Amino acid sequence: MNNIKVLIVDDEEPFRRLLKNELSRKGFITDTAEDGNVALDKITSSDYDVVLLDIVMPELDGLEFLRKLRPDPSSPSVIVLTGRATIDTAVEAMKQGAFDYLTKPYRLEELVVVINKAFEQRKLIKEHRFLKDELSKRELPDRFIGRSPHIKEILSLIEKISPTDSTVLIEGESGTGKELIARYIWQLSKRNSKPLIALNSSTLSEHLIESELFGHEKGAFTNAFQVKHGLVEIADGGTLFLDEIGDMPLQVQAKLLRFLDSGEFRRVGSNKTLMADVRIIAATNKTLELEVERGSFREDLFYRLNVIRIHIPPLRDRKEDILPLAEYFLEKYSRKLSKKVHTLHSVVKERFLEYHWPGNVRELENVIERGVILCDTEELGPEHISIPEIPHSASKKPLLSLDELEREYILQVLKHTQWNQTQASRILGIDRKTLYLKLKRYGLKK
Ligand SMILES: Nc1ncnc2c1ncn2[C@@H]1O[C@H](COP(=O)(O)OP(=O)(O)OP(=O)(O)O)[C@@H](O)[C@H]1O
Ligand SMILES: [Mg+2]
């Protein structure tokens, strides 16, 4: 079986039956409709890849059907298959978005080839849409900078494991470059001709995560007006990046585990098992062992993900990387902002090396970007950079608890930004919601 779902639309019953039999024998999943209206109904309630369409039919004919079909990658590809062919109808059908045009009597082998092509094309269009979305989010591919032993080790590991299909787990604090590493692995992989498709578990509700990941049937829940393809289907043959996997709800974790073990999944609201071949790269800023102990992460899933583990240390633990990164960002933002800032003042270098970088590389990047905006000379000086002074109490009293330190530090940053929370969250390298939660937790108010 090839899992391609074909809907045969023709008003002549014997023809439908013949074609259905022939195509089923060739491994297609087939269904039939006797005219355009019935076909449109069937399409909204099920999910066909290809429609074989007759043109002359009593109720809604083929051309009208094509006009009513949504010009959307989620609609099936249409192959017109008709006896009374004229050049005009052929041209018209192609204009209305038909994929190809064959005349009856058809040659089965030829028809099978065209169906397969139509199926492949539809898959490509769907992937292309994702790729475009992804590309518009990013500009040039970023380079991965670092010369510390940690990073060198990570890079050589990546070169070894990227061409394999094994699951990768990337850990690191916020802003350490987990997503960049995921993209790098994907670029070096055999699957790089297909897009890297991402799902972030921390930004979606439990119920949305499952339907994003595995799709849903029409009517699976309120507002499920259409069949939705899950990301595992869209990523079939490619790679899926599961960001913030530590935030994935337990119920979805169970389904993910099943998928990882067998490649099998079900859309929400369906009891039909589907298959997809997907490489998983997962990332988290949590320590999954602790989440396992706490009961918020499945132990079996943890072991299943933990095949190849890449831990990116915080920037403060790999000080050798600070200046190369700073210089890299200096060039990047000079180019982007059409400036000529090429060097770092020695005081800036010193302060960068001393600083704790709680927001890691992202914080460094933000500091440099802002500096380049402010700087009108060739050298970035201390007056252009705004990293908060390290709280004195913290350096004098090493017995401060982690929470106290965090509270103290957040307070410093807020004072520094005159309580501008957007700016503060950028410096801290966390999002505004996280900052808000921390303010509440520590009882911090202006
Ligand atoms: N080694 C590096 N070389 C160049 N740029 C880097 C490096 N590490 C991180 N960056 C840059 O720092 C920023 C943050 O990196 P990224 O988004 O990959 O972090 P993350 O670990 O996924 O963070 P979060 O946990 O907040 O999602 C990005 O702009 C990324 O390009
Ligand atoms: Mg990330």
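Beta carbons closer than 6 Å, at least 6 apart along the sequence or on distinct chains, never pair a first residue in the range 173-190 that is in the same structural domain as L428 (by TED's automatic domain parsing) with a second that is of a type outside the set (S, T, N, Q). If the condition is being of a type outside the set (S, T, Y) and outside any helix (DSSP H, G or I), then the range 401-446 contributes Q418, W419, N420, G429, I430, D431, G443, L444, K445, K446. Within the range 278-325, the residues that satisfy the criterion of being closer than 30 Å to Y355 by Cα, out of contact with any strand residue (DSSP E or B) (no Cβ under 9 Å at 6 or more places or on another chain) and not basic (K, R) are E289, L290, L315, D317, E320, D321, I322, P324, L325.
Annotation: of all residues in the range 174-191 being polar (S, T, N, Q) and out of contact with any helix residue (DSSP H, G or I) (no Cβ under 6 Å at 6 or more places or on another chain), the one that is farthest from ligand 1 (Cβ to nearest atom) is S189.
When you look at V367, is it open to solvent by less than 60 Å² (accessible area, probe 1.4 Å), at negative phi and more than 33 Å from the chain's Cα centre (by Cα), yes or no? Explain how you work it out, then say what you get.
Numbers: open to solvent by less than 60 Å² (accessible area, probe 1.4 Å): yes; at negative phi: yes; more than 33 Å from the chain's Cα centre (by Cα): no.
No, not satisfied.
Scan the range 30-68 residue by residue and report those that are in a loop (DSSP other than H, G, I, E, B) and not hydroxyl-bearing (S, T, Y). E34, D35, D47, D49, D54, I55, V56, M57, P58, E59, L60, D61, listed by residue number. Applying the condition of being assigned by TED's automatic domain parsing to the domain that holds R183 and free of Cβ contacts under 8 Å to residues at least 12 places away in the same chain to the range 298-335 and asking which residue is surrounded by the fewest Cβ atoms within 10 Å (Cβ to Cβ) yields Y303. When S156, S174, S211, S202 are screened for being of a type in the set (S, T, Y), open to solvent by 50 Å² or more (accessible area, probe 1.4 Å) and under 30 Å from D431 (Cα atoms), only S202 passes. The condition of being within 16 Å of ligand 1 (Cβ to nearest atom) and open to solvent by less than 90 Å² (accessible area, probe 1.4 Å) does not hold for E379. T82 falls short of the stated requirement of being modelled with pLDDT of 95 or more, open to solvent by less than 60 Å² (accessible area, probe 1.4 Å) and either farther than 30 Å from G219 by Cα or in contact with a Lys or Arg (Cβ under 8 Å, 6 or more places away or on another chain) (or both). Residues in the range 275-297 that are over 18 Å from L169 (Cα atoms) and surrounded by 19 or more Cβ atoms within 10 Å (Cβ to Cβ): A276 only.
A quick yes/no check of all residues on (1) away from ligand 2 (no atom under 16 Å from the Cβ); (2) in a loop (DSSP other than H, G, I, E, B); (3) of a type outside the set (A, V, I, L, M, F, W, C):
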| position | (1), (2), (3) |
| --- | --- |
| L157 | yes, no, no |
| K160 | yes, no, yes |
| P163 | yes, yes, yes |
| I181 | no, no, no |
| E210 | yes, no, yes |
| A220 | yes, yes, no |
| G237 | yes, yes, yes |
| V252 | yes, no, no |
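Contact annotation: residue pairs with Cβ atoms under 6 Å, 6 or more positions apart or on different chains, pairing a residue in the range 238-250 that is within 17 Å of V292 (Cβ to Cβ) and touching a residue at least 60 places away in the same chain (Cβ under 8 Å) with a partner that is in a strand (DSSP E or B) and among the hydroxyl-bearing types (S, T, Y), are I245/T284. Annotation: K190 fulfils all but one of (1) within 14 Å of ligand 2 (Cβ to nearest atom); (2) touching a Pro at 6+ places or on another chain (Cβ under 7 Å); the unmet one is (1).
The values are calculated or read from the model by the stated rules, or taken from the named source; none is laboratory data. This one's a predicted model, so the numbers in the text were calculated from it and none came from an experiment. A quick note on method: Cβ atoms are made from the backbone with ideal geometry, for glycine too, and the neighbour counts reach across all protein chains shown. In case anyone asks, the SASA skips ligands and DNA or RNA and just uses the protein heavy atoms, side chains included. Shrake-Rupley method; radii C 1.70, N 1.55, O 1.52, S 1.80 Å.
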